[in-house]
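What follows is a single structure, written as structure tokens, with notes after it.
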Amino acid sequence: MSVLNVFGSSPKRSRNADAVITGAGSGIGAAFAHELARRGGRIVCSDVDEVAAGATAEAITDGGGDATAVRCDVSSVDDVTQLAETAQSWFGGAPSLVINNAGVGAGGMPIGKADLDDWNWVLGINLWGPIHGCHVFAPILREAGCADRPRGIINVASAAAFGAAPNMAAYNVSKAGVLSLSETLAAELSGTGIGVTVLCPTFVKTNIIVSGGKSGAISEQSTQMADRLMRWIGFSAERVARTCLDTNDRGGLYCMPQPDARIGWGIKRLTPTVYTRAVGLTTRMTRSQEVS
């Protein structure tokens, strides 16, 4: 009988976890890796940038932890399948925690003017990445079960999943899809003991607006605005990762680590039309101030 069935609450999945993390070369992914290592975990650090993944793994092992690096392009299901096989071989069994974190940013152009190549690029990583991760790893975790240890899946979305700011359509749509994917997966895994959490932060101090390998995906104006907001109100990636892991430990589905995310979520659910009009008005006023 599992710990979940005995005590009726979610055990601490983040303790001594065998974790697979995508996008672990920097930002929130690297923060997840270091925090899980501090909690006694063994970490498979994957990233499309193998050098960056290796740097994260090396920093963990230099600190006395246990980690390995694997190159993985999450937009390729073959790569994610290979990641799962490598992880199971390294762990000697199924992972206990999978974090679908890899993501890129794009924005600055309205629908109809945004390049369709940017749409395909963003959706390929931000949406198909978590889809591939859940498609490949959910059956593995389900088959392994939770009788011997707690297991979980964390999908990294964004407050953009429900915020829908103008000129960020591809990014918004990708993150809204991750939110829906996570809700669906949580319902499907209900009663199995496998905990699903979707992370929806606002601004986090990472390099997402300048990384990802595709120049021009974010307009200069949007890049400057995002950079200012990250510096002024952004939470550290470490703080966000800790909060999310604690949420998954408690069995929480939604993790909104910042107050503005929680406020926006509440307003959007209560008054969706007013919220959308207010976001549009704020965007127009901000633009007019920048031009004047």
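The values are calculated or read from the model by the stated rules, or taken from the named source; none is laboratory data. A quick note: this is a predicted structure, and the numbers were derived from the prediction, not measured. Methodologically, a virtual Cβ is constructed for each residue, glycine included, from the backbone with ideal geometry; neighbour enumeration extends over all protein chains shown.
Of the candidates 38, 42, 13, the single residue that is within 18 Å of the chain's Cα centre (by Cα), farther than 30 Å from residue 118 by Cβ and at pLDDT 95 or above is 13. Of the residues making up region 181-195, just one is surrounded by fewer than 24 Cβ atoms within 10 Å (Cβ to Cβ) and under 24 Å from residue 107 (Cα atoms), namely 181.
The lone criterion from (1) out of contact with any helix residue (DSSP H, G or I) (no Cβ under 9 Å at 6 or more places or on another chain); (2) at pLDDT 95 or above left unmet by residue 151 is number (1). In the list 173, 204, 156, 178, which residue meets the criterion of being in contact with a Leu (Cβ under 6 Å, 6 or more places away or on another chain) and either closer than 26 Å to residue 270 by Cβ or crowded, with 24+ Cβ neighbours inside 10 Å (or both)? On inspection, the qualifying residue turns out to be 156. If only one of 194, 125, 111 is aliphatic (A, V, I, L, M) and under 17 Å from residue 74 (Cβ atoms), which one is it? Exactly one residue qualifies, and that residue is 125. Checking 106, 114, 53, 67 one by one, the residue that is free of Cβ contacts under 8 Å to residues at least 60 places away in the same chain, of a type outside the set (Ser, Thr, Tyr) and either in contact with an Asp or Glu (Cβ under 7 Å, 6 or more places away or on another chain) or under 14 Å from residue 26 (Cβ atoms) (or both) is 53 and no other. Residue count for region 241-286, restricted to those that are modelled with pLDDT of 85 or more, under 24 Å from residue 167 (Cβ atoms) and surrounded by 17 or more Cβ atoms within 10 Å (Cβ to Cβ): 6.
Return the total of residues in region 97-119 being closer than 19 Å to residue 165 by Cα and within 16 Å of the chain's Cα centre (by Cα). The number of residues fulfilling the criteria is 4.
Residues in region 231-273 that are under 21 Å from residue 178 (Cβ atoms) and in a loop (DSSP other than H, G, I, E, B): 7 in all.
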